[in-house]
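Structure record follows, encoded as C-alpha cells.
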Amino acid sequence: MNRTAKHILSIMLALCAFLLMPVAFAGGGAEISGCAYVDLDQDLICDEGEQLMTGLPVRLYLQAGEEWQELSAAETDEYGRYAFTGLESGVYCVRSSTTAEGYAVLAVGRTANPVAGSADQQSEAFTVTGEERFTADVSLGQAAMLEVLVFEDRNGDGKVSKYDEGVMGVTVEVLEGENVVASGETPKKKKLTFTSLKPGTYSLRFTVPEGYGFCTMGENFEKGESIVGDNGSRTVVSQAFTFAAGETASLNAGVRQVGTFTGRVFEDADNNGIMDETDPGVGGVALKLEGKKTGGIYELTSNEDGSYFFDLLPTDTYIFTATLPEGMMYARYTKEGGDLRSVFTGETLEREYAVSPKKRQTDKNVGVIQNGTISGAAFYDIDYDGLWDEDEPGYPGVTMEAIKISSNDVMGKAVTGEDGTFTIAALRSSDYRLRALLPNDGSRFTCLPVENGDQPNQFTGTRSRRDGTIEPLTVHSGDEVTALVGVAMGAKVEGTIFEDADYNGVLDDGERTFSGVQVQLVDAAGNIVAKDTSVAKGAYTLEGIMPGSYTLKVKRTRNNGFTRLRPAEEGGSYIRELIDGYGISDPIEITMAQQLTGVNAGMLPAGTVSGTVFHDLNDNGLREDGETGLTTVQVRLLSADGEIDLLRTVGEDGSYLFDGVMPGDYTLTFLLPEHTEIAHVAEGGNTLAHNGSETETASFAVAMGEDVTYPLVGCVTLGSFEGVAFCDSNASGVQEEGEKALKGVKIALTGSSEPVEATSGKDGSFSLTDLRPGEYQLTLTMPKGYISSANAGTLVLQPLAQQTVACPWSQLVSRGQVLIGAVEPASIAGAIRLDESNNGKLEDGESMLTGLVVELYNEETGESLNVTTDEDGFLFGSVRPGTYTVRFELPEQSEPARVTGSTFRLNGTLMEQTGITVAEGQKLDALATALVSRTSIGGTLLLNDEEGQQPVAGVALSLIDDATGETLATTTSDENGAYRFDGLWPGDYRIRAERAENAIFVRPEDPNYPEGASIIQTDEGESCVITLEMAKHRLEENILYIRTAKVGDLAWLDENANGLLDGSERRLPGIKVQLWQNDQVVYETETDLYGYYQFAHVYPGSYTLVASAYDALTITTPVPELRIISSCLVSGDGSNAQSDSFTVESGSVTNDFDLGYVLLPGASLPDLPEAPGRDWSQWNAQYSSMQD
C-alpha cells in the first residue's frame, strides 16, 4: 500500500472513530465541536497531514450580560476531538490555551482572538436558537520560549556583571499589546522562564517589590543589557521585542536597592503630642523631601487616612518639611511616646534624616492640631448694667493677652480695634488666663451684670488698676472661645468741709474750713468706692466713680456735729445725720462720667441724746439679769421746729444714741412694733407710761455740746394664740381645698394671769391676744365625734377628743396662724392567734396571744402608739387618717405560723403589715396573723437547811417525754441553782433530777411545804407530769432538797438486867430494825455482827422504831434518865418490840437508839455467829461515819 493510500486509510479510520465516539451531553439541543491540530502552515485550517493533539483543555463559556461565564470544560480525546452538545438557546464561545511543552494555541476557529489578561485564545461567538451545529477547531503552532533575568545592577551601568545577582520577587508580565498573556515572579538568583508563547511581538512589564527601583537602561538589550530603565516608579514596561516559532529569547532587567520614607499625618485630638489609636488621619497635607547631596526633590500629599510613602529614594541625607493647611498647627513637643511622637512640633518645623537601602525611615509621623482661638470685644457700657446693649459702641485700645496657666507664658496678644473686637489665634489646647489692660484714659471695668443676660461683661477690676483677668478659658483644638470686656468712665465728686458758724447750713464767705477730714463715698452695699482727705482749704475730690446710688460719709472732728441739711442751696451742706462718728448724707445718684461739685459738709459743736430700752421678759417693770434690749423698737428724735427728725433702732444691749445733736427743744417717740407695750412703771425700773404704739415723751432742751441721757424705758412683748379650726379629713395638718371650717372647738389658756378662752366660730377662726408673759397650759376640746388630727404649730397633739398640753411662750410669740385640725377617728383592730396544734389551721379553741405589745407606726409622720393584746386581740381606736404599719416583735422562741390569710409578713425579728391606709372614720378590723411558739420549762434547785434556802449548783437534770419515756435533753443547774429547757412544743413532760450530796428531795406530802413547792414526786428524783401549752412558759418548776438525818446505835444482851449497856455485855447480830411512819415501814435494816445498825438517810419527821429479835428474848427495862446508854424499846417482846414515837430533824445525827434485851427464864440464845476479831481502825472509821 503506497503512502497516499495509507493516508486515506488513516483519515477514514479516524472519521469512523469520530462517528462512533460518545458525546458529552445526551439528548437534543445545539452542538459546538472541533479538533485540536498542529497548524504547520499557520493558515488556521486543519490540513491533511497536520497532527491532531490529544489532551488539550477546552472550555465552554456562556455570555451573561457583558461577561462570559464558564459553563463546562473538556479535553480533546485520543483522536484530537472535543464536543459540547445539548446546548440550549444562548450565546457561546470556546476558549483554550495549551499546557503542552513546545506548543502554543494560535487561534480557536479561523481568527486569532486573544483573551485580555490571559494566554487564552477565544473563538467567535456562537448564537444558539435551536439545534445548530458549530465548529471551532483549535490550531496550535510551535511555541517560542522566553527567559528573563532580573539582576541587581550594583554599578548602575545597565549591564550584567559577574557580581550582579538575581533578584527574587519581581513580578514580570508578558504583554501582547495591552493583553497579559503570561506572568510570574522571579525566583531566587534564577531566571524566570515562560514557555508555550506563540511567536510574535511582545513587551515586558516589571514590578519590583518595596525597596527596589530600576537602573539605567542598556544600549542593546539583545546583547543582555537591561531592557528597561528608571522611570521613577516601581513599575516599568520594556520596549517591544519579536521572536519566531521555536526561538528562545533571553532578556535582562537591571534593578537597584532604594530607600523609603514613611509615616502618617494625624490630628492630635488630645494635644499630647503622641499618635493615639483614636487620633484620626489628616489627608491632603503637602510633604517634601529634599536631598542635600543629590539635590533631588520629592513631594507628595498625605493620603485620606493620613498615611504617606516616599519610595525609590537614593542614598542621601534629606530635609523633611511639611506645609500645613490654613487653620492648623503642629502638635506640641513631648518626651514620651517614642516613634508615636510627632516629628514636628510648634518649636521644630523641619527635620533631617539619612536614607539608604539599609536605613529606611519609618514612623515619621506628623501631628497637627486645629488652631484654637480666643476672640471677643471691648464695649463702652453707657448704662452701666454690665451688658453689651445694641446702642453701646465698641471700645478701642484695650490690650488682650492669652496667658497659658500651666507655664504663665503669654501665648498670644491683640489690641481691640475701632469696633472694639479682638482675635488671638493659633492657640493650642490648654487652659488660659485672659488679661485685659485698659488704656490709660481714666477708664475702668464696668460692673458684672446683676441678672443674666446676653453678652455680659466678664471682667472685674479695682480703682487702682487698669488690668483684670478671667480664668480658666479652656481652649480645645479648633475651638473658638469668646470673652467680653465692659468699659466704663468714672465720675468725679468735689466739695468743701467747713465750719458753719452761723448755723444756716450754707458755706458763706469768711467761714473757715477743715483740712485733714476723711471723706468716703459708699455704695448701697456699704462698700467704700472712693475716699479722700480734705486739703488746706477744706476741699476734697473723689474720682473714678461708677454710675449708681451712693452715700457721702464725712468723719466728724472733735465733738462737732453737722449743720442743717441744705443740699438744694448753693454751697449747702449734704449731711443729714451723725452715725458712729460719721456724717451721713442722703443717697446721691451719680451717672456715667458725671462731674458733681459743691457737695459740702458743714460742722459745729454738738451734743448727744441717749438712753436704754430693755425687754421686760417677766413683766415686772424692772430690768433684771438676762433682759437685753428690744431691737424691734425704734426711737425718734424730733426737734421742735421739725427740721431735725432722726430715727435710731435699739441695740442688742438696749442702748440708743443720737450724736451731733444741735441746740434746741426735742421730744423722743418710742415706735413700738405690733404686740408690744411699754412695761409697767416700777420704782428703779421703767419710767414711762404706755400711751399707744407711738408713746411720746415730754419736751426737753439740749444745749450746745450737752449730753442728755433719757431715763430707763422697758417694753414687754404680748403673746397671742390665733388661727383656724377645720375639718382635716386627711389629717395633713394643712387646710386644703374642700376642707371646711369647724365651729365649736374650745381653746383655753391658763397661766399666771386670769384664764382666757375662745371657741372657734362659723369660719373656724379663734383669737386669744394681749397675753402677758408667763407659763401657760393649753386645753383643746373637740366637738363630739372628733379628735385632733395633727400637731398645731409647735404643739404636739395626741389623737384625742380633749387634751391639755404645755404651751410654751415661744409659741405665743411666734405670730404664726395656728391650724387646729379635727377629724373623725378611724380604728385599726386585729387578732394574733396561736396555732396551738401547729397544723397551719386556725381551729376553734385556739388561743389569742395575750400580753404582746403591738405598735402602730405612722409611715408619713413617724409617730407611733403601742397597745397590748388581750383575749380579743388588739385595737387602736382614735386613729388619724393616714398610712400605717402595724408591727410587733416576735416573742422569744416564736415564729410565724404557716397559715393562709395572714396579713403580716416577717421582717427580721418583726412581724409587720405595711401600707395600711385608713380614711376618716373608717373601721379596719381585718388584720390577722398567727404564731407558733416553742415553750420553756425551768426553775430553781434549792436546799433547805438551818441557814435557809441555798441554791444547789452542778446537779444533772433530764427532760423526759412522758409518752415515750425518751430523754429529750439534759442540763446542769447553774451557780444560782437555775435550770431551763427551751424550744419545747406543747406536750407532757417530766423532769428527772439527781440527788444532791447529803440531801434528799422534799416529799410532795411534806406538811412543812406548800403544795407544789417542789415538782419532785419520788425519792428517785422524778417529777410530776408537766403539761406545756403553747407560749405559756413553765419557769417556776422548782426542786427542793433537805438534809437527811441519821438514826442508829447497837443491840445488846443486858446480862445483868440493869437496863444499861455495860462494856462487856454481848452484842446481838441479825436483829431486824424498822422505822415506821403513818403505819407503814419506811426504812429497814438489821444489826451487823457487832450488833450495830444505822439508818443513814432518814427523811426528817416523826417515826417509831420497831425491832424483831429472837423468841428467847424480851426487852430490858429502859432507864429514861440515862437515855444515851439505855434501851429505846418501851414495849413488846423479843419477836416484836417498839420505841416511843420520836422526831428527827434535817441534818441531825441520832446515835442513841440502843436496843436492849434480856433472856427469858430458862431460855438460851440461838447459835449466833461470832464476831471476828475487831480491826479498831476500821471500827473507828465506821463510828466516825455514824457520828456524821
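The values are calculated or read from the model by the stated rules, or taken from the named source; none is laboratory data. Being a predicted model, the structure only gives us computed values, none of them experimental. Cβ placement follows ideal geometry from the backbone for every residue including glycine, while neighbour counts extend to all protein chains displayed.
Just one of the listed residues (529, 475, 506) is in the same structural domain as residue 560 (by TED's automatic domain parsing) and surrounded by 13 or more Cβ atoms within 10 Å (Cβ to Cβ), namely 529. For region 1026-1044, the condition holds for at least one residue, the condition being that it is in a loop (DSSP other than H, G, I, E, B) and in contact with an Asp or Glu (Cβ under 8 Å, 6 or more places away or on another chain).
If you filter region 1050-1080 down to residues that are closer than 27 Å to residue 1008 by Cβ and touching a residue at least 24 places away in the same chain (Cβ under 8 Å), you find that the one that is surrounded by the fewest Cβ atoms within 10 Å (Cβ to Cβ) is 1077. For region 331-366: of the residues being of a type outside the set (Ser, Thr, Tyr) and in contact with a helix residue (DSSP H, G or I) (Cβ under 9 Å, 6 or more places away or on another chain), which is surrounded by the fewest Cβ atoms within 10 Å (Cβ to Cβ)? That would be 363. Of everything in region 839-860 that is among the polar types (S, T, N, Q) and exposed (fewer than 15 other Cβ atoms within 10 Å of the Cβ), the residue that is farthest from residue 733 (Cα to Cα) is 839. For region 387-395, the condition of being surrounded by 24 or more Cβ atoms within 10 Å (Cβ to Cβ), of a type outside the set (A, V, I, L, M, F, W, C) and at pLDDT below 95 holds for none of the residues. For region 674-762, no strands (runs of 3 or more DSSP E) sit wholly inside it while including 3 or more residues that are touching a residue at least 24 places away in the same chain (Cβ under 8 Å), farther than 30 Å from residue 817 by Cα and under 51 Å from the mean Cα position of the chain (by Cα). Scanning region 638-666 for residues that are more than 19 Å from residue 503 (Cα to Cα), among the hydrophobic types (A, V, I, L, M, F, W, C) and either assigned to a strand (DSSP E or B) or not assigned by TED's automatic domain parsing to the domain that holds residue 624 (or both) gives 647, 657.
For region 1054-1071, check the following and say yes or no: at least one residue is under 15 Å from residue 1138 (Cα atoms) and modelled with pLDDT of 95 or more.
Checked region 1054-1071: at least one residue is under 15 Å from residue 1138 (Cα atoms) and modelled with pLDDT of 95 or more.
Only residues that are under 27 Å from residue 155 (Cα atoms) and assigned to a strand (DSSP E or B) were counted in region 263-298, giving 5. The residues of region 834-844 that are modelled with pLDDT of 80 or more and outside any strand (DSSP E or B), listed by number, are 835, 836, 837, 838, 839, 840, 841. Summed over region 952-1002, the residues that are hydroxyl-bearing (Ser, Thr, Tyr), surrounded by 14 or more Cβ atoms within 10 Å (Cβ to Cβ) and in a loop (DSSP other than H, G, I, E, B) give a count of 1. Every condition in (1) in contact with a strand residue (DSSP E or B) (Cβ under 6 Å, 6 or more places away or on another chain); (2) surrounded by fewer than 20 Cβ atoms within 10 Å (Cβ to Cβ); (3) among the hydroxyl-bearing types (Ser, Thr, Tyr) holds for residue 515 except the one numbered (1). Exactly one residue out of 481, 522 is touching a strand residue (DSSP E or B) at 6+ places or on another chain (Cβ under 8 Å) and either outside the structural domain of residue 387 (by TED's automatic domain parsing) or buried (at least 21 other Cβ atoms within 10 Å of the Cβ) (or both), and it is 522.
Answer yes or no: is there a residue in region 2-23 that is modelled with pLDDT of 90 or more, of a type outside the set (Lys, Arg) and outside any helix (DSSP H, G or I). Looking for residues that are modelled with pLDDT of 90 or more, of a type outside the set (Lys, Arg) and outside any helix (DSSP H, G or I), one finds none in region 2-23, hence no. Put simply, of 1027, 1044 the only residue that is among the polar types (S, T, N, Q), farther than 30 Å from residue 838 by Cβ and in contact (Cβ under 8 Å) with a residue 24 or more places away in the chain is 1044. For region 776-799, a tally of residues being out of contact with any Leu (no Cβ under 9 Å at 6 or more places or on another chain) and at pLDDT below 90 returns 1.
Closer than 25 Å to residue 1045 by Cβ, assigned to a loop (DSSP other than H, G, I, E, B) and either without any contact (Cβ under 8 Å) to a residue 24 or more places away in the chain or assigned by TED's automatic domain parsing to the domain that holds residue 1001 (or both), is that true of residue 1167?
no
Scan region 849-884 for residues that are touching a strand residue (DSSP E or B) at 6+ places or on another chain (Cβ under 9 Å), on the phi > 0 side of the Ramachandran plot and of a type outside the set (Ser, Thr, Tyr) and the total you get is 3.
Taken as a whole, region 115-136 holds no residue that is in a strand (DSSP E or B), closer than 18 Å to residue 200 by Cα, modelled with pLDDT under 90 and not assigned by TED's automatic domain parsing to the domain that holds residue 210. Residues that are in contact with an Asp or Glu (Cβ under 6 Å, 6 or more places away or on another chain) and assigned by TED's automatic domain parsing to the domain that holds residue 1077 number at least 1 in the following strands (runs of 3 or more DSSP E) confined to region 1092-1159: 1113-1115, 1129-1132, 1155-1159.
Of the residues that make up region 569-579, is at least one under 15 Å from residue 492 (Cα atoms), of a type outside the set (Phe, Trp, Tyr) and under 57 Å from the mean Cα position of the chain (by Cα)?
The answer is no; no qualifying residue exists.
Residue check: is residue 263 farther than 30 Å from residue 296 by Cα, within 60 Å of the chain's Cα centre (by Cα) and surrounded by 16 or more Cβ atoms within 10 Å (Cβ to Cβ)? Against the criterion (farther than 30 Å from residue 296 by Cα, within 60 Å of the chain's Cα centre (by Cα) and surrounded by 16 or more Cβ atoms within 10 Å (Cβ to Cβ)), residue 263 does not qualify. Comparison of 158, 184, 169 shows that the only residue that is modelled with pLDDT of 90 or more and assigned to a loop (DSSP other than H, G, I, E, B) is 169.
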